[in-house]
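For reference, the structure discussed in these notes is given below.
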Amino acid sequence: MNDRIKSYLIEGEGDTLDYKQEISSAHKIAKTMVSFANHKGGTLLVGVRDNRSIAGIRTEDEKYMLELAAAFYCKPEIILEIEEHNIGGKIILECVVPEGDDKPYSAKDEGGKWWVYVRNKDKSLLASKIVVDVLRRKASSKGTLIKYGKNEEMLLQYLENNERITLQEFRKKVNISKWRASKILVNLISAGVIRNHTHEKTEFFTLA
């Protein structure tokens, strides 16, 4: 076993590493791929169980399924680097997903709809509208010019005294539309002033 694979197995799943015992669905694996591409890239180890034991892949179909997902179920298409490793007579695939140059990336679901996913620890989560706008802003060559109005000042003042705020709380606090509140949050996140935290329940924002 080479040192890189050994370190992947010691490391455990996280924001840049995912184990898959098998690839049973192009839709599902596309979700993980785009979450890596929208993040800082990542590695899929196929033929490895969640408990880090080696299951091995069954057939060449696994490689085909990865390539199919990257080409037809990810938008834009993702170019993978796939390497086979023989560990104790069992073949596993090391599939490297590069960080995308053309964010946001989206994955096609069973109904043919496209959704943006982001990586949070060892999970691929559906991105909120704010996260999608931030990815889009960071991918464009335009810088972020921040105009500090009273709404921005109130938000930053609130966050100096409180740990976090949600979009809904901010909107109510300064009495503005959801669209305007979202725009302010996207600007401040893109400029690195505040951070968004995408969780499975409610997204919230803190000072960076």
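Any read-out appearing in this document is the output of simple, stated calculations on the displayed coordinates, not a laboratory observation. In this text the structure is predicted, and so the values were computed from the model without any measurement. Don't worry about glycine lacking a Cβ; one is built from the backbone with ideal geometry, like all the others, and counts go over all protein chains shown.
Evaluate E = 1/(1 + (r/R0)^6) for Lys147 and Val96, where r is the Cβ-Cβ distance and R0 equals 35 Å; express this FRET efficiency to the nearest 0.05.
Numbers: r = 41 Å, r/R0 = 1.16.
After rounding to 0.05, the efficiency reads 0.30.
Cα centroids of the stretch 134-199 and the stretch 1-28: how far apart, whole angstrom?
Value for the Cα centre distance between the two parts: 35 Å.
On a 0 to 90 degree scale, rounded to 10, what angle separates helix 129-139 from the longest Cα axis of the chain?
80
Helix 178-190 versus the longest principal axis of the chain: what is the Cα-based angle in degrees, 0 to 90, to the nearest 10?
For helix 178-190, the angle is close to 70 degrees.
Suppose every Lys and Arg Cβ carries +1 and every Asp and Glu Cβ carries -1, with no other charges. What dipole size does the chain come out with about its Cα centre, to the nearest 20 debye?
1220
In a GNM of the chain with a 10 Å cut-off on Cα contacts, which of Lys63, Lys147, Lys138 has the highest mean-square fluctuation?
Maximum fluctuation in the GNM of the chain, among the listed residues, is at Lys147.
Amide H of Lys90: which non-local residues (sequence gap of 5 or more, or other chain) have their own amide H closer than 5 Å, using H built in the peptide plane?
It is none; the list stays empty.
Place a +1 charge on the Cβ of each Lys and Arg in the stretch 60-162 and a -1 charge on the Cβ of each Asp and Glu, then give the dipole magnitude about the Cα centre in debye, rounded to the nearest 20.
780
Could you give the nm distance between label points at Ala139 and Lys123, where each point is 7 Å from its Cα heading toward the beta carbon?
2.4
Relative contact order of the chain: what whole-number percent is it, with Cα pairs under 8 angstrom and at least 6 residues apart?
So the answer I get is 19 percent.
Ordered by residue, what ³J(HN,Hα) values in Hz, to whole numbers, does the stretch 72-87 give under the Karplus form 6.51 cos²θ - 1.76 cosθ + 1.60, where θ = phi - 60° and Gly and Pro are x?
10, 10, 10, 10, x, 4, 10, 8, 8, 10, 10, 10, 8, 10, 9, 10
Given a Förster distance of 30 angstrom, what is the FRET efficiency for Ile87 paired with Ser25, based on the Cβ-Cβ distance and rounded to 0.05?
0.75
Roughly what angle does helix 26-37 make with the longest principal axis of the chain, taking Cα atoms, 0 to 90 degrees, to the nearest 10?
The answer is roughly 60 degrees.
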